[in-house]
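Engineer: Have a look at this one.
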């Protein structure tokens, strides 16, 4: 595992477009140390590598909180009516705010 230091935290904060005080970086670095110790404890669990990872918490395949996808035919949907659900739309498309500088 790559060691986390203050420079890595500052770089990550810069990429996420925010900054913190030095004391806050120290606190975050201390918390990463605690998390790293806890993860190392998990390495000591015998047989952990033999367990198959779960992708869904329910073993019973008949029970699912996910709905079935049902395709909608294009002629069943009124595009103009759907666009009225958007705050801003133009030329038949939903206009979204810019998210990248």
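Engineer: Residues in segment 1-19 that are out of contact with any helix residue (DSSP H, G or I) (no Cβ under 6 Å at 6 or more places or on another chain), part of a loop (DSSP other than H, G, I, E, B) and without any contact (Cβ under 8 Å) to a residue 12 or more places away in the chain: how many?
Structural biologist: Going residue by residue through segment 1-19, those that are out of contact with any helix residue (DSSP H, G or I) (no Cβ under 6 Å at 6 or more places or on another chain) are 1-3, 5, 7-8, 10-18.
From what's left, part of a loop (DSSP other than H, G, I, E, B): 1-3, 5, 16-18.
In the following step, the residues that additionally are without any contact (Cβ under 8 Å) to a residue 12 or more places away in the chain were identified as 2-3, 16, 18.
Of the residues in segment 1-19, 4 are out of contact with any helix residue (DSSP H, G or I) (no Cβ under 6 Å at 6 or more places or on another chain), part of a loop (DSSP other than H, G, I, E, B) and without any contact (Cβ under 8 Å) to a residue 12 or more places away in the chain.
Engineer: Name the single residue that is modelled with the lowest pLDDT among those in segment 12-43 being surrounded by fewer than 10 Cβ atoms within 10 Å (Cβ to Cβ) and under 30 Å from residue 100 (Cα atoms).
Structural biologist: The extreme case among them is 18.
Engineer: If you don't mind, another one. Given the conditions (1) assigned to a helix (DSSP H, G or I); (2) modelled with pLDDT under 85, report the number of the one that residue 66 does not fulfil.
Structural biologist: For residue 66, the exception is condition (1).
The values are calculated or read from the model by the stated rules, or taken from the named source; none is laboratory data. What you see is a predicted model; the values in this text were computed from it and never measured. Note that we place each Cβ from the backbone using ideal geometry, even for glycine, and neighbour counts take in every protein chain shown.
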